[in-house]
Amino acid sequence: MTSKKPLGNILRLPVTSELLERDRSVRIRLTVSGNSSTKKKIEGYLKKHLRSLKAVALTDSNAHYWINVIGVVDSLIGYNISYFIAGLFPSLREDLSEVLDESEAEMMSDLLDGLCSVFEHRIKMGPPDMLKDACEQIIKDFDENFLQQFLSVQEMVSNNSD
């Protein structure tokens, strides 16, 4: 009996070798919705923390990941932030070929090519004075759960192409 690699973990990486060879930074598109003061405040906190991360470039096009945030802040009641992290659906041709025959794997991979996948959706709520900390935690979680894994794969591809 042959051992098959699980596909679960690879679905969180929006990477193809072509993307990695073109650019050494992780391109992130940040979109924040809410009333103007809320949007400005949340966007400022998130951008500050994103810019502090290694190898991150904020962009409006050709992003590896999208971070979309909807925020409501009331200075008396607190904040409510709904956010999701999405990205390009990864190329799975090699992994699918381990469980499907070659023509089926190619067909499935072609169907998924260029599609977006939502990797995570969460809601955060809290008192108004904790909004900055909540934004910092969103980016910290993104860094730990997505960015570091992405950079590791990027490093492996880079080492294999040398």
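So the values come out like this:
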| quantity | calculated |
| --- | --- |
| Unmet criterion (only one of (1) part of a helix (DSSP H, G or I); (2) modelled with pLDDT of 95 or more; (3) of a type in the set (A, V, I, L, M, F, W, C)) for I67 | (1) |
| Lone unmet requirement of (1) at pLDDT 95 or above; (2) part of a helix (DSSP H, G or I); (3) more than 20 Å from the chain's Cα centre (by Cα) for M125 | (2) |
| One residue from L115, L96, L111, L100 being exposed (fewer than 14 other Cβ atoms within 10 Å of the Cβ), over 30 Å from S52 (Cα atoms) and either of a type in the set (A, V, I, L, M, F, W, C) or modelled with pLDDT of 80 or more (or both) | L111 |
| The lone exception for L30 - which of (1) in a helix (DSSP H, G or I); (2) modelled with pLDDT of 95 or more; (3) within 20 Å of E144 (Cα to Cα); (4) not small (G, A, S) it fails | (1) |
| Lone unmet requirement of (1) loosely packed, with under 12 Cβ neighbours inside 10 Å; (2) of a type in the set (D, E, K, R); (3) modelled with pLDDT of 70 or more for E106 | (1) |
| Failed condition for H64, given (1) surrounded by fewer than 17 Cβ atoms within 10 Å (Cβ to Cβ); (2) under 15 Å from F142 (Cα atoms); (3) in contact with a strand residue (DSSP E or B) (Cβ under 8 Å, 6 or more places away or on another chain) | (1) |
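The values are calculated or read from the model by the stated rules, or taken from the named source; none is laboratory data. Treat the numbers as computed from the prediction; the structure is a model and nothing was measured. Cβ: placed from backbone, ideal geometry, glycine included. Neighbour counts: every protein chain shown.
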